[in-house]
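The values are calculated or read from the model by the stated rules, or taken from the named source; none is laboratory data. Remember, it's a predicted structure, so these values are computed and weren't measured experimentally. In this analysis, Cβ positions are derived from the backbone assuming ideal geometry, glycine residues included, and neighbour counts consider all displayed protein chains. Side chains included, ligands, DNA and RNA excluded: accessible areas come from the protein's heavy atoms. Shrake-Rupley method; radii C 1.70, N 1.55, O 1.52, S 1.80 Å.
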Amino acid sequence: MAKQPDSPPLAAMVPSAPAPPGQSMPGRWLAGVALLLIALGSVGAQAQAPAGPPPLAPAGAPAAKPWDAVLIASFNIQVFGESKIAKPQVVNVLTQVVRNFDVVAIQEVRAKSDGIIPQFVKAINADGSRYHYVIGPRLGRTVSKEQYTFIYDTNRIEVDATSIGTVPNPGDRLHRPPLHTRFRTRINPPQMAFTFWLVDIHTDPDEVPQEIDALADVFSSMLTLRPDEDDVIVLGDLNAGPPQFGRFKKMPNAGWAISNATTNTHRTKTYDNLIFDKTTTREYLGRSGVLDLQSTYGLTLDQALQVSDHNPVWAAFYPCEAQNLPGLQATTGIALAPR
Amino acid sequence: MSGSESSSLPALIAQLASTNPDERAEAAELLCRAGTAAVAATLPLVEACGDDDSRVREWAVAALEELGPPPAEIIDHLTEIAAGPEPLSAYWAATLLGRAGRDAAAAVPALATCVASAEDMAVRERAAWALGKIGPAALSAREALQQAVAQGKDARLARLATEALAAIGG
């Protein structure tokens, strides 16, 4: 059964946000006018020496995230279990990756222990960050099981605790039916917040066409699941690129963040993506990418493969519901970096 | 990070049979990291799916997910394992036979038996899937597949058997 551990106390709303690095005061002012009511915060960004092993790249205090964009990522952390969590340098890279984003949908938690993700989140928060997590049940048709998890920055994101669950799987069409959770941005006033479903998926590589079509059906169902929610983002390791998107390609409004980039660590395949409805999720800012582990953290290919055989993929969304603010455009440059 | 990744494939295959579970887990992880270059280790990895240590099993499964079709010379061995008692090894043997497509035609009788009587439902399902991948060369499995459809005890097995029958034709 999917669950959310005991939630941390909600952080105080922040009345203003810092200027992003490199942004001039006039630029900041214009952004402030455009987003007058937004108070997406960075409360947890106090400077603290990172605990644990020395970083692979200068980390220091977590840099401020863009305050006019929500960064949502997907990351298949291959066989994330006891072996991987025991490698400090690998965990160090993984924590830096997560700190770039507001929510990270993770696939391939494969562990006998229930302590892997709590231990990982503790490592992420060692620098003063305030991340928390939602984790799903162990799934799979054999004794080899996987869990999905969402790790999110509680300074900027809230979870609807009643929304956490595993997608129904009639006919057993999906080897590992997705974990769904509804999130909202922490802005003031809260009724302007961007709310959205995330649907975390890792398809079976041997049944990709069938599972992609089943996933498209899940996507359609989720779009109408709640009358008050029209934003559904399916994200994960699809084991397929857009040319193999089957039924999704027949949906005139379906869009995806990653089109012409490889997402595996070997830089040979496009497996990972974020899929959403372009007409309802107008909060998408048109910015997305692949965080290349090798180049971002100065790793050799083998070192990057110790972290995962996948690179994280991400997309940026406006932190307010689109109907509240027309003409969306992020004013802040989005630069992902070691944190 | 560790620089112990330079071990040769034969050395890693040998390490996979170590009596030390830590060494076996390390070997399975390094073979996984080798990607498709570890194809010569396909058979030992399938056997490692039956390891007592969960770390070994998980890394072996992860390695097999990436390996693609098996070498033709191990089809007979995979066929034996698919019919064997270890469920996870049998599941992956059936998967690899399916990936081999028509090159695994010799495995059809064993896979048909799996569909009909394997104790583990995941093995029965994967065997039905594999027969569909083998295609027309699996004609002799039609009866086993038709029975799986008719029994209808498991919706997924019935669906996979139906899809396999369509792929086999005849």
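Yes or no: residue A:72 modelled with pLDDT of 95 or more, more than 9 Å from every other protein chain (Cβ to nearest Cβ) and surrounded by 24 or more Cβ atoms within 10 Å (Cβ to Cβ)? So residue A:72 passes the test. The single residue among A:247, A:267, A:282 that is out of contact with any strand residue (DSSP E or B) (no Cβ under 8 Å at 6 or more places or on another chain), in a loop (DSSP other than H, G, I, E, B), more than 14 Å from every other protein chain (Cβ to nearest Cβ) and open to solvent by 10 Å² or more (accessible area, probe 1.4 Å) turns out to be A:282. Considered as a group, the residues in region A:193-209 that are open to solvent by less than 10 Å² (accessible area, probe 1.4 Å) and within 14 Å of chain B (Cβ to nearest Cβ) include one that is farthest from residue A:75 (Cα to Cα), and that residue is A:207. Among the candidates A:275, A:258, the residue that is part of a loop (DSSP other than H, G, I, E, B) and modelled with pLDDT of 95 or more is uniquely A:258.
The helices (runs of 4 or more DSSP H) falling completely within region B:1-120 that include 3 or more residues that are within 14 Å of another protein chain (Cβ to nearest Cβ) map to B:21-33, B:42-48, B:54-66, B:87-100. Would you say residue A:134 is open to solvent by less than 10 Å² (accessible area, probe 1.4 Å), farther than 19 Å from residue A:178 by Cα and either in contact with a strand residue (DSSP E or B) (Cβ under 9 Å, 6 or more places away or on another chain) or within 14 Å of another protein chain (Cβ to nearest Cβ) (or both)? No, not satisfied. Per the listing B:124, B:156, B:142, the residue uniquely in contact with a Cys (Cβ under 8 Å, 6 or more places away or on another chain) and either crowded, with 24+ Cβ neighbours inside 10 Å or more than 24 Å from residue B:67 (Cα to Cα) (or both) is B:124. The set of residues in region A:295-309 being more than 11 Å from chain B (Cβ to nearest Cβ) and either within 28 Å of residue A:276 (Cβ to Cβ) or open to solvent by less than 10 Å² (accessible area, probe 1.4 Å) (or both) consists of A:295, A:296.
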